[in-house]
1. If we count other beta carbons within 10 Å of each Cβ, what is the order of 202, 162, 284, fewest first?
2. Can you tell me the FRET efficiency between residue 246 and residue 157 if r is taken as the Cβ-Cβ distance and R0 is 30 Å, rounded to the nearest 0.05?
3. Could you work out how much longer the chain between residue 120 and residue 283 gets when fully extended? Use 0.36 nm per residue separation minus the Cα distance between them, nm to one decimal.
4. In whole Å, how far is the Cα centre of the range 273-291 from that of the range 88-144?
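Read the figures in this text as sums done on the coordinates, not as results from a lab. Computed from a prediction, not measured in an experiment: that's the story for all the values here. Here the Cβ positions follow ideal geometry from the backbone for every residue, glycine too, while neighbour counts run over all protein chains shown.
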């Protein structure tokens, strides 16, 4: 399968979140506090930690631009863009450290760390072929990079910016989500129709978990008990029990479920159906779909306020 080219305009709005074309960082005195896991469609990711501050800290949005090989910081207090930062060829996914000091940007040949306080880049860290998604553990120690053409995930130690041995997963890994406790990274394999769990303590892959056809996006409930995976060629969402890594009964959605996010209280997952012009609400307590909500012609992405 050749690489699917997509334009990503939404990313998780939290430090530690990952995988899209936009991410936010709050730089200043802060402490990490738990946050619900969420995702952005098409590559993407998890928000395992959230920054809380005694006083408001400056918030910066980072936008990747494949056309210019740059990341542009935007000061949200004034809605002004700073000078673009050259990071390497074809920047796509962005993940921000829980302490908001660095943003990790996937580029054609690896991952480029950007220091948020100075808007300067460090050397690109080699990864596999076509790194397309990145997620960072809640403790900020490891960034996991999905390599689409290699069928692997590269763990990167953020303290030294060194890449570990690639972890074999399935075909065309496209998205990553990490549990709130940081123990497991779930990798969506678009070409295999599976999700691979990786134990972060040892960087070992578990048995692949079957999903529907062409799984695409993933979100994990705030309590970490269930991962929900959209299957865009099956028109379903697969719930996965993280305690046992077993898949439940597929939940029907609209045509081409593309993006998914979960409410902060974990009660409802919302799925954007690309070709139905609808959003499907799913009650997580029962894994049942509600009536589709009309929204437009081709809904690509979805986000929920904190």
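1. Numbers: 202 8, 162 11, 284 20.
So the ranking, lowest neighbour count to highest, is 202, 162, 284.
2. So the FRET efficiency works out to roughly 0.45.
3. Values: separation 163, 0.36 × 163 = 58.68 nm, distance 4.35 nm.
Computed gain between residue 120 and residue 283 is 54.3 nm.
4. What the calculation gives is 32 Å, centre to centre.
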